[in-house]
Structures are given as structure tokens and as C-alpha cells.
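One structure below.
The values are calculated or read from the model by the stated rules, or taken from the named source; none is laboratory data. Keep in mind the model is a prediction, meaning the values are calculated, not measured. Ideal geometry is used to build each Cβ from the backbone, glycine not excepted, and the neighbour counts take in all protein chains shown. These accessible areas exclude ligands, DNA and RNA; they are computed on the full protein's heavy atoms, side chains included. Shrake-Rupley method; radii C 1.70, N 1.55, O 1.52, S 1.80 Å.
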Amino acid sequence: MSKKYLELEPEKILSVKDLEVKFYTYAGVVHAVSGVSFDVYENEVVALVGETGCGKTVTTRAITRLIYPPGHIARGQAIFRRRNGTVIDLLSISEKELRDIRGNEIAYIFQDPTSALNPLFTAGEHIVETIVAHSSTNRKLARNEAIRLLKQVLIPHPSLRVKTYPHELSGGMRQRVVIATAIANKPRLLIADEPTTNLDVTVQAQILDLLSELKKQYSMSIILITHNLGIVAEIADRVYVMYAGKIVESANVFELFEKPMHPYTRGLLHALPDPVRRIEKLEYIPGTVPSLINPPPGCRFHPRCKFAKRVCREEPPMVEVEPGHYVACWLYAKR
Amino acid sequence: MSLIRVENVKKYFKVRGSLFKKVKAVDGVTFMIKEAETFGVVGETGCGKSTLGRVILRLLKPTAGKVYFMNKDVLKLSGENLKKFRRMAQMVFQDPHSSLNPRMTILEIILEPLKEHGIVVDDPEKYITEHLEIVGLGREHLYRYPHELSGGQKQRVAILRALILRPKFIVLDEPTSALDVSVQAQILNLLKDLQKKFKASYMFISHDLAVVKFMSNRIAVMYLGKFVEIANADELFEKPLHPYAQVLLAAIPIPNPKIARERKKIRIVGEPPSPINPPPGCRFHPRCPYVMDICKREEPPMVEVEPGHYVACWLYARR
Ligand SMILES: Nc1ncnc2c1ncn2[C@@H]1O[C@H](COP(=O)(O)OP(=O)(O)OP(=O)(O)O)[C@@H](O)[C@H]1O
Ligand SMILES: Nc1ncnc2c1ncn2[C@@H]1O[C@H](COP(=O)(O)OP(=O)(O)OP(=O)(O)O)[C@@H](O)[C@H]1O
Ligand code: SF4
Ligand code: SF4
Ligand SMILES: [Mg+2]
Ligand SMILES: [Mg+2]
């Protein structure tokens, strides 16, 4: 294999290029992620939002090759700067080097807290294992650290709860055990997939504060996946909007909420339930989520878009409409 | 008429590694749900919402108290009557991933409750596909296993499995937490439409307060195993009375980055409470800004402050 020289701008920590992931299923090939590119800067919270099933989880799992057969990473690069400064492509390094990075320099808070936890391990054991796997700390110290971390994620009675099994915890407590495990090794990049869905808004606010604090303290970067646009507004710096396996818009958070451009993004912001007004019916984007086995040609949103024109059956290019604000839609691109 | 009546229900769990300590997950809850009504339940994580839902559906045995379904004591049901109850009362579990059998295909998962209750459909593939389409999924998902679906796709399978028997009562535990707002809107509208059509009642548990407000007729606020306030949905949002309800509503994230970052951050203070050793008197007292002497000693009674608006707090009760 020829040795490629990899480059990454100094302020970036991760650059994903042209990622493509497919699943070979009974009913056909699922094109889950089709040419996704995005960047994460040092010390930044990047939000990834989009409809359910559009490929957010698969995209972030693919970054450290957590895709199993019948899934397959068909194409792409994930250029990452390690703690020691070396720049590597996560999609082509050895499995051994990758294991060294996963759970350590890049950590995940997975979407399903229950499946992320082993039912035979106590809350404390999960954290202890993660710590000792990547350092020379002894178990006793790791155990004290586990209690400290459980306290930090606001689990009441941490010294008792450290001994409990996942099924004895509430949904929100399990989620916080997963969060504590993920931050145990102070990762450079934290991938948080729906990290607060099971938390009430007051605890959620405190966990978001904690993440912001860690970001500052350890100059950690975070990829945040969430359907909760309130959380995005609260802590994201930049936002990528995904639809049916592709990124359709990206901008800094203020721009995106103030001037959403892609018709899908606009529809999304419109469907938010309003806590103040009394409403009988919620608005939603008409039509159904497209099949990823036979995705619509061209702009994948065209069957549901009220601005669709003939040209939309061709792939719209990603254009920079304002500095730092990118959108892939024929309303903004010249042919 | 009330469909569900819950009387002073308690559920305690043993604590691992201790003979005497108990987790008081639900500690004396009383309420009723009317026919065709949605009763929302909000509150701290770990305050006992899911446990309460499981007790009502007889998936857990209460430590004390009674549950009535159509005026029948649920704990005493047996044989044919229990089977009927199991058919008419369903639950959508909080974590769709662990509630779906990993070794069954989606088709099998949704057919299972029908089989269990002896309902035969002519063309299962067609029947289930039609239903999958109602929740925004399709034929391509029929033969997949749960791990081959996204979080939100699994969640809709779980909802469909609960709906397929046309139950009279459903406990919906965080049913849309994994859905984007547009698909969420479709599912919530669907649940409302079905409710109108079949006069079903829901107990709706969620941390998304805007969603609870949209769905519910009445809402209960729960704190550490107890209800602290019950009110009509609009009234609760306009005029929350209990100090905990007030902080909770003030912490709703606002989907506007300018306002979200400029507004003063109100954070609840103090240690998170523990149901293993709940504070005496009012359980919120160690964190309450209005705490008085009596709050530390005596438990406040639930009083009706305005018609249908109940609150358990010494600020509103007479000694
Ligand atoms: N193992 C698999 N086999 C087949 N298809 C899969 C598999 N895993 C994921 N998919 C499909 O890939 C697509 C993307 O899934 P992904 O989990 O990334 O969605 P998501 O954006 O995270 O959605 P959600 O918000 O609901 O979690 C979905 O349509 C899903 O059905
Ligand atoms: N099987 C069990 N054994 C021991 N303790 C349990 C068990 N199930 C629940 N608990 C405890 O009971 C309390 C209430 O849990 P429950 O799951 O009802 O909370 P919840 O209100 O649904 O919280 P969340 O919003 O986080 O889902 C928690 O302290 C939990 O740890
Ligand atoms: S490219 Fe065309 S179909 Fe796609 S979002 Fe833009 S206007 Fe709509
Ligand atoms: S009873 Fe006392 S401590 Fe409890 S909420 Fe009311 S004022 Fe606060
Ligand atoms: Mg996902
Ligand atoms: Mg729960």
C-alpha cells in the first residue's frame, strides 16, 4: 500500500470526507450514508440533526468502524488528530491502533443506554473497566474515580449506587452511568448520541452544563446528536442537518435558527410543539420518509418539497450562501 | 366515568448489599384517569414514573395500595378476566431497544400479540405492512431485526405493537423520545386521532414538557415517589403552584439560541434527592427556596386550591 500523506488544518480535530455506508439486507441494499463530509474543530460542539433513520448514528459509528456485517463502509476518510499530535485516517489504521483510540481518545455515549450496558456488570464495574483498559491505574483508585464520576453526573447516593445492576436503575440513571463511562478517560472527541432523552429538564440542564465545563477544561470536542432543538439552541456551536443519508445544510447555530434555508430544515423548525400556545394539531412535513433502498434521485427531499422543480431530480451541489453557511438545494445554486 | 383508579399505591425495592434499606420508588400515589382522557406524568428522573406505570398494568406487584380498571380490582383478576385485561391495557416501554425481542423480525414482533390473543389475519405481510405505513415505516422493514433499525424506527415498532390490539388504556412511557419533531408530530396526531375514534385513555410519561402539554388533559407532577401537583394541562403551565413544578417549567430548553443563551440560567440547587433515604416532612425541602420550619417536620397534605387543581405544599395548606 502506498503511504499517503494526510493533512488536517491545525484548528480541526476531525475531518470526515465523502463517507459512504451500506447495509445488504433481505429487501435490498440500504444506502444509509451517501457521501457525507463534515468537520469538527477543537473545542467545539457540533450538532447533527435530522429525521429519524436518516443516518446520524451510522455516520458516527462508522468514524471508528463500528459497522458490522451486513454493513459495510464503502468509501471515505475520517482524518483525526491524536493526543500525541499525529494525524491518521481512522478508516485505514490497524484494528489495534483503533482499539487504543476508542473509549479513550474518542468516546461514545450510545443512543440506547440499556444496550450499552452489560446486564451482568454493576454501574461501577463499567466505569472501572473503561479506566483500567486504557491506563495503568489500579482498580482501587479506579473505583474511587467511579464514585466521583457518578456524583459528577448527579446520581444520588453514588457510593451505594456504584454496586447496582443496570435493571435496578431508572432510565435516566442508566443514561448517566453511560455518560460517566464515556467521560472517564477525558476523551478528545466525545460522540454523544441522544445523551439526555431520559432526563428531566433540570437534570438535563445540569448535564449540559457539565459537558460544557468538560469541553472548556479538557478542550474536548463534542459531536451531539439530538432531536431536541432546544438543546441544540442551548449548547451547539455549529449544526449539520441531515436528510436521507446526506448532509443538506450546515451553519453556525445562530444563523441556522434565524435563517434556515433548506426547505427540510425550515419544515423541521416549523414542527416544534409550542409550550406556550394551545394547539389541536401539530404541523409536520407532509409525505413519508423516503426508503433508503430506493432513494429518490437527485435531491432526496424532492418528493416532499413544495418548491420542487424539474432540476431537483438532479443532485444539488453544496454551495456556500453566506460565509460559513452551506446548503445543498437548487433554490440557492446556479445550474 | 373513571377507567383507571389508583389508590395509595406504594412500591418499594430492596437495596443490594443492605438488609434494611429500601428504595421507595412509589410512595403513596392516588389518582384516576377518565375514559378518553390523557393523563400526563412529569417529574425528576428516577422519581418513580415508570414503576408507577408498571404497577398499574400489573407488571409489578405493589407493596401496598389498589388499582382498579373499569371498577375491577386489577390485582384480583385471574383466568379469562386477566387475559382480557392484558389485551385491553398495554404499555409502550421507555427503552424500545430492550423491549423488543432481538431474535424476532419486525413482522413477528407485531404479530405476536395478535397470536397470543387468538386473532387470525388472512395475509399477515399485507396487514402488517399497512400498519407499518401508518407509522411511517414500510415493507422493507418487515424482515429486519430490531438491531437493524434506527432508534426512532424501533420506537415506532414498539408503539405499533401496543396499538395493534386496539387497547382501551395505554401507558406511553417516553414514546417519542427518539423521533425527530416532524415524525413525532405525526405520531402524536395519530395517537390523538385513535383516541377520538376508540375512546382510549392514555397515561403519558415524558420529559418533553411541550409534548406532554400538547397531549394531556390533566398533568401530575411527581417528585421522589409522590405526586406534588395535579392540574389541568393549560392551568399547570400558566400557574404552576408547587415550587418544584415552578423550577421544572422554568428549565424547559428554548429552541432559540439567542434567548436560550441570554436568559438567566435557573438551576435547581442542592444534592439530588435519594429515594433510599427520602428527607422527612416535605421531600423537596432541602432544595426549596421557600422552605419553612414546618416543611422539615411534617408532610404537607394534598389540597384542592382551585377546582381540579391540587397541590401538596405548606404554602397552600392550612395547619
Ligand atoms: N444493521 C442494519 N441493517 C440494515 N439497515 C440498517 C442497519 N443499521 C441501520 N440501518 C438503517 O440505516 C439507516 C440509518 O440508521 P441510523 O441508525 O443511522 O439512523 P438515525 O439517523 O440515527 O435515526 P434515529 O434518529 O431514529 O436514531 C436507517 O434507515 C436504518 O434502518
Ligand atoms: N427492579 C428494581 N430494583 C431496584 N430498584 C429499582 C428497580 N426498578 C426501579 N428501581 C428504582 O426505583 C426508582 C424509580 O425508578 P423509575 O424507573 O420508576 O423512575 P422514572 O421516574 O421512570 O425515571 P426516569 O425518568 O429516569 O425513567 C429509582 O431509584 C430506581 O433506581
Ligand atoms: S433541491 Fe429542489 S426539491 Fe430539493 S429542497 Fe431544494 S427546492 Fe426542494
Ligand atoms: S412544603 Fe415547604 S419545602 Fe415543600 S415545597 Fe412547599 S414550601 Fe417548599
Ligand atoms: Mg440514531
Ligand atoms: Mg422511567
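Can you pull out every residue in segment A:194-207 that is facing chain B (nearest Cβ under 8 Å) and under 10 Å from the mean Cα position of the chain (by Cα)? Talk me through it step by step, then tell me what you get.
At the first step, the residues of segment A:194-207 found to be facing chain B (nearest Cβ under 8 Å) are A:194, A:197-206.
Correct list: A:194 only.
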note = Conditions (1) within 12 Å of chain A (Cβ to nearest Cβ); (2) among the aromatic types (Phe, Trp, Tyr); (3) assigned to a loop (DSSP other than H, G, I, E, B) -> residue B:20 fails only (1)
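Out of all the residues in segment B:101-124, which are open to solvent by 70 Å² or more (accessible area, probe 1.4 Å) and either among the acidic types (Asp, Glu) or away from chain A (no Cβ under 14 Å) (or both)? I'd like the intermediate steps shown before the answer.
To start, the set of residues in segment B:101-124 that are open to solvent by 70 Å² or more (accessible area, probe 1.4 Å) comprises B:102-103, B:108, B:112, B:115-116, B:120, B:122-123.
Within segment B:101-124, B:103, B:108, B:112, B:115, B:116, B:120, B:122, B:123 qualify.
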inquiry  = Which pairs turn up if I take residues in segment B:230-251 that are over 18 Å from residue B:282 (Cβ atoms) and look for partners that are β-branched (Val, Ile, Thr) with beta carbon separation below 6 Å, at least 6 apart in sequence or on another chain?
reply    = B:233/B:219; B:236/B:219; B:250/B:266; B:251/A:201; B:251/A:202
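Identify all residues within segment A:92-116 that are part of a loop (DSSP other than H, G, I, E, B) and either aliphatic (A, V, I, L, M) or without any contact (Cβ under 8 Å) to a residue 60 or more places away in the chain (or both); write none if there are none. Write out each step before concluding.
From segment A:92-116, those part of a loop (DSSP other than H, G, I, E, B) are A:92-94, A:103-105, A:110-112; that's our starting set.
Matches in segment A:92-116: A:92, A:93, A:94, A:112.
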query = How many of the residues making up segment A:16-30 are more than 8 Å from chain B (Cβ to nearest Cβ) and open to solvent by 50 Å² or more (accessible area, probe 1.4 Å)?
reply = 3
ask   = Taking residue A:80 and the conditions (1) more than 15 Å from the chain's Cα centre (by Cα); (2) at pLDDT below 95; (3) within 14 Å of residue A:191 (Cβ to Cβ), which numbered condition does it fall short on, given that it satisfies the others?
value = (2)
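Identify all residues within segment A:277-313 that are out of contact with any His (no Cβ under 7 Å at 6 or more places or on another chain), open to solvent by 60 Å² or more (accessible area, probe 1.4 Å) and more than 9 Å from ligand 3 (Cβ to nearest atom); write none if there are none.
If we filter segment A:277-313 for residues that are out of contact with any His (no Cβ under 7 Å at 6 or more places or on another chain), which is where we start, we get A:277-282, A:284-291, A:293-294, A:297-307, A:309-311.
Add one more test, that the residue is open to solvent by 60 Å² or more (accessible area, probe 1.4 Å), and what stays is A:277-278, A:280-281, A:284, A:286, A:288, A:294, A:297, A:303, A:306-307, A:309-310.
Within segment A:277-313, A:277, A:278, A:280, A:281, A:284, A:286, A:288, A:294, A:297, A:310 qualify.
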request  = Could you check residue B:155 against (1) crowded, with 20+ Cβ neighbours inside 10 Å; (2) under 28 Å from residue B:5 (Cβ atoms); (3) in contact with a strand residue (DSSP E or B) (Cβ under 9 Å, 6 or more places away or on another chain) and say which number it fails?
outcome  = (2)
note = By my count, helices (runs of 4 or more DSSP H) wholly in segment B:213-310 with at least 1 residues that are open to solvent by less than 30 Å² (accessible area, probe 1.4 Å) and facing chain A (nearest Cβ under 8 Å) are B:243-250, B:257-262
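Determine which member of the set A:228, A:252 is in the same structural domain as residue A:316 (by TED's automatic domain parsing), crowded, with 22+ Cβ neighbours inside 10 Å, at negative phi and not hydrophobic (A, V, I, L, M, F, W, C).
Details: A:252 fails: crowded, with 22+ Cβ neighbours inside 10 Å.
Only one candidate passes the filter, namely A:228.
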inquiry  = On the basis of being among the acidic types (Asp, Glu) and within 16 Å of ligand 5 (Cβ to nearest atom), does residue B:95 make the cut?
reply    = yes
note = If we keep only residues of segment A:151-181 that are under 15 Å from residue B:277 (Cβ atoms) and more than 8 Å from chain B (Cβ to nearest Cβ), then the residue farthest from ligand 3 (Cβ to nearest atom) is A:159
message = Can you report the number of residues in segment B:72-100 which are open to solvent by less than 20 Å² (accessible area, probe 1.4 Å) and closer than 17 Å to residue B:26 by Cβ?
response = 2
Unmet criterion (only one of (1) within 19 Å of the chain's Cα centre (by Cα); (2) more than 12 Å from chain B (Cβ to nearest Cβ); (3) without any contact (Cβ under 8 Å) to a residue 40 or more places away in the chain) for residue A:191 = (3)
Number of positions in segment A:213-230 that are within 11 Å of chain B (Cβ to nearest Cβ) and either of a type in the set (Lys, Arg) or in contact (Cβ under 8 Å) with a residue 40 or more places away in the chain (or both) = 4
note = Checked A:119, A:113, A:10 against criteria (modelled with pLDDT under 95, more than 28 Å from residue A:264 (Cβ to Cβ) and crowded, with 23+ Cβ neighbours inside 10 Å); the one match is A:113
remark   = Within segment B:47-71, the residues that are open to solvent by 20 Å² or more (accessible area, probe 1.4 Å) and part of a loop (DSSP other than H, G, I, E, B) are B:58, B:59, B:60, B:61, B:63, B:70, B:71
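Consider residue B:36 carefully, then state whether it is in contact (Cβ under 8 Å) with a residue 12 or more places away in the chain and in a loop (DSSP other than H, G, I, E, B).
Considered against the rule, which asks whether it is in contact (Cβ under 8 Å) with a residue 12 or more places away in the chain and in a loop (DSSP other than H, G, I, E, B), residue B:36 comes out as yes.
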